[in-house]
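Visitor: Provided herewith is a single structure, encoded as structure tokens, for subsequent inquiry.
The values are calculated or read from the model by the stated rules, or taken from the named source; none is laboratory data. All values reported here derive from a predicted model rather than from experimental measurement. Glycine gets a Cβ as well: all are built from the backbone with ideal geometry, and neighbour counts include every protein chain shown. All accessible areas refer to the heavy atoms of the entire protein, side chains included, with ligands and DNA or RNA removed. Shrake-Rupley method; radii C 1.70, N 1.55, O 1.52, S 1.80 Å.
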Amino acid sequence: MPKASSGPSTGPRPALRRNQACRSCRKRKLKCDAARPHCGTCLKHWQSLISVPAPVGYEHPAEPQCVYDPVDGLNLASDTDPVEKIRLLEEEVSKLKAQIQEQSLSGPSLGPSTSHQGLFRLESTHSSPASGSQLLTTTGHHSSHHTIGNPSSLTHHHFPQGSPGTNNAAHRYPTDDDSGLIHTGWNTDLPEPHILDHYIEIFFRCDPCGPRILHRPSFLAAMRLHPRDPSFPHSAILHAICACASRWSSRNVALQPDGTRKDGFADHHVGKTRQYIDRTMATGQDIFQVVQACIILSWYFYQEGRWVEVWVFAGFQTRIAIPLRLNYPGTFSTHGDALSAGYLPPPRDFRDLETRRRTWWMSIVLDRIVSVGGWAHSIDERDIGTELPLRGEDFDAEQLIPNNPQDMCTEDVFITHFPRYTDSFLLFIKAVMIFGRVSDYNVRGKLRAPTAPSKHQDPFMLSGFAELDRLVHNDFLQNLPHTYRFNLGVTDPSANGPSVDTDLYMVHIIPHAAIITLHNPYLDLHDFHRISTNRCLKAAQAILSAYFMLSATSLDITRLHPFVTICWYLAAAVQVQVYKYFIEIGDHARETQVLEEIDVLREAMLNYGTRSPIGTRQEGLLQGLMKEAVRLSSRKQASGLPLYPFSRTTLFANPNISDSNAPVAPLPNPCAPEQNEAGFQKNMIGIQLAAPATSPASLYSDSRSFPDLQDEPPNPE
């Protein structure tokens, strides 16, 4: 083989002698440049091969299949028997394991914080050396702080500014202190193990959205595995969890002039999650785990009020779930040829099947919620064939029960609720899907109607409107199971402190938000006989009353589902129209009362915005609606809150408003039922709720303002 010249080559490359080309090029009779270790032809062929996702049951080679014949003068390894080579590799792996175990037991702490002694100890198992199985455990006092279900574990870590894993994490690079973590395979872009455990615990206990798609017991068990173990949670999911959990940690967060949060720690992990998403879009590797991370990140964007990113990610995750066949019964399809087959193999077991179901449904729920603004959904309801998920307690306990018999094609799915397959989360999904039907109806009606909806139009004459109104206004709420129908999920304060089932709370207010969305285009306060007027006023009163019931306790409203801010906004938008009406007729007493109710909802949005900026952003939209009403009003400040415009600083400087930092009772984890139905009813007995100073219904009882409000549509006969 010719030797490379010392200077740059200007002439053509010398021709290769016999048998200098690689075996693969000689076999395929292709031109070979004899480059080492892999020739250019084989390298290009391998790159084109791995650019396409591998079929099910097949793995691409890890490197180009380029082999050369032994050449005189080159120190090439002789051909070795494959069985002997495997035996030698197994012996080498065993030696490395023994060295790692000795270093971890006798060496210094792996992390910069030695007080926790969170060492990785690799213990040999009874399996053969070829299996390479490893068990990761923790030693020292650190494990006692992360007992599953220990409520006090959330108070053991309060990070000061500049501590590991907080604000400095946004610009953190591997250092000498990280050598131990790198040695064990730990991803140094993540917080240290004990800090990450804390954020995971916060995520499962506090976040109302993301934990739905994860099986908590197995996820926490997987966190105890070695970082290189195939069952260890994917880094994309862990980064997304850190971003979501950061809003609940005790840390200094910079507040922008518009009231939004600037969280460098969360931004760091959002960027890392996006890198994994981009990599998966290019290679298809670990696609299901990355889709899960995308869903968790999408809910983070929603709570942040970052609408463009929410829309993009909501469309991406529903679109990519289609080739994964998550929209098929059982989340897998055997129909079609190789080109149309599902990308994922069949579910391995019960946990894998239910995880896929919940991942799909949380993607659909997000798609329905982000379409509130009035645009089409990413996937039509008729294309959803996946059955509804099982109850949360059955999922956590991995009880092998038959699949849920209901899906979106089931007749009377919104009014029939089988006890074996019903909990507050299942009802929440149904409520959101009802809201989605209302959004679909409005969008398609506007697309096909020659003119825009008018308040002088009778909507009950439109095709399908009466049936949808009956479902939203009456059928769904009236047919809820008895346990869920007569309470909003708020438990007795005397029973281990107050708590609220956030899903059940949303089940009771989402239908009222859907009523407002359906009837608001036809609301006319100057026509007292219109059913749409009555529907909107009563729905706004119901949402406001539900908030009064919650505010009578010491519960932290920022733990509610973020969609609650949209419901508050819709109710406040109706109240703004009522406020303008009282200004026009000169009823100053009721004008003041309605304004106070609007300010109550504004205060709720702003309090929610102290932790999730979506509340501040929705309150900002409400300011735009108030601008014209304030121009008509002669009152500069009719209530405790500045009317318009106002600053967030002056709002929270008002002594009449409670301090948002005051200690409050925590909300329970919505995905982990803490009591059965009988216990829930027992706790509801004797609960005392503080009524507002002015009942919302009393504002509209005067016949001079709203005479003969009609509640039911006229009989067509």
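Visitor: For the pair Thr592 and Asp412, what calculated FRET efficiency results from E = 1/(1 + (r/R0)^6), where r is the Cβ-Cβ distance and R0 = 41 Å, to the nearest 0.05?
Guide: Approximately 0.35, to the nearest 0.05.
Visitor: Right, another one. Keeping every protein chain present and rolling a 1.4 Å probe, give me the accessible area per residue for the stretch 190-388 in Å².
Guide: Computed with neighbouring chains in place, this is 34 Å² per residue.
Visitor: Would you list the P(r) distribution for the stretch 397-516, with all Cα-Cα distances sorted into 10 Å bins from 0 and each bin expressed as a whole %?
Guide: Whole-percent P(r) values from 0 Å outward: 11, 37, 29, 17, 6, 1.
Visitor: Further, regarding this structure: Tell me the carbon and sulfur percent of the accessible area for the stretch 190-388, rounded to whole percent, probe radius 1.4 Å.
Guide: 55
Visitor: Each residue of the stretch 450-464 in turn: what ³J(HN,Hα) in whole Hz from Karplus with 6.51, -1.76, 1.60 and θ = phi - 60°, glycine and Pro shown as x?
Guide: My calculation for the stretch 450-464 gives x, 10, 5, x, 10, 5, 8, 8, 8, x, 6, 7, 7, 5, x Hz in order.
Visitor: Using a 1.4 angstrom probe on heavy atoms only, work out the carbon and sulfur share of the accessible area of the stretch 571-635 in %.
Guide: Taking all protein chains in place, the stretch 571-635 shows 46 percent carbon and sulfur surface.
Visitor: Take Ala449 and Val308, extend 7 Å from each Cα along the Cα→Cβ direction, and tell me the distance between the two endpoints in nm.
Guide: 3.1
Visitor: What share of Cα pairs, in percent, lie more than 16 angstrom apart in the stretch 446-537?
Guide: In whole percent, the share of Cα-Cα pairs in the stretch 446-537 beyond 16 Å is 63.
Visitor: Can you tell me the length gained on complete extension of the stretch Arg319 to Arg631, counting 0.36 nm per residue apart and subtracting the Cα distance?
Guide: Between Arg319 and Arg631, full extension yields an extra 107.8 nm.
Visitor: Kindly state, to the nearest 0.05, the FRET efficiency for Arg36 paired with Ala254, given R0 = 35 Å and r defined as their beta-carbon distance.
Guide: The computed FRET efficiency comes out at 0.05.
Visitor: How many Å² of accessible area per residue for the stretch 571-635, probe 1.4 Å?
Guide: 33
Visitor: For the stretch 194-205, in order, what is each residue's ³J(HN,Hα) by Karplus, 6.51 cos²θ - 1.76 cosθ + 1.60 with θ = phi - 60°, in whole Hz (x at glycine and Pro)?
Guide: Here the 3J(HN,Hα) series is 5, 6, 4, 4, 5, 5, 5, 4, 4, 4, 6, 8 Hz.
Visitor: Another one. Once you put a point 7 Å from the Cα of Ala62 and another 7 Å from the Cα of Arg348, both along the Cβ direction, what distance in nm separates them?
Guide: Going by the 7 Å Cα→Cβ label model, 2.0 nm.
Visitor: Return the ratio Rg/(2.2 N^0.38 Å) for the stretch 190-388, where Rg is computed over Cα atoms only.
Guide: Normalised Rg, Cα atoms only: 1.04.
Visitor: Here is a further query. Whose amide H sits under 5 Å from the amide H of Cys22, counting only residues 5 or more places off or on another chain, with H placed in the peptide plane?
Guide: Ala34
Visitor: Next up: I'd like the Karplus ³J(HN,Hα) series for the stretch 44-61: coefficients 6.51, -1.76, 1.60, θ = phi - 60°, whole numbers in Hz, and an x wherever there's a Gly or Pro.
Guide: So the J values, rounded to whole Hz, are 5, 4, 5, 5, 5, 6, 7, 6, 10, x, 6, x, 5, x, 10, 10, 5, x.
Visitor: Expressed as a whole percentage, what fraction of the accessible surface of the stretch 401-503 belongs to carbon and sulfur atoms when a 1.4 Å probe is rolled over the protein heavy atoms?
Guide: Reported share for carbon and sulfur atoms: 53 percent.
Visitor: Can you figure out the FRET efficiency of Met281 with Ala466, using R₀ = 56 Å and their beta-carbon distance, to the nearest 0.05?
Guide: 0.80
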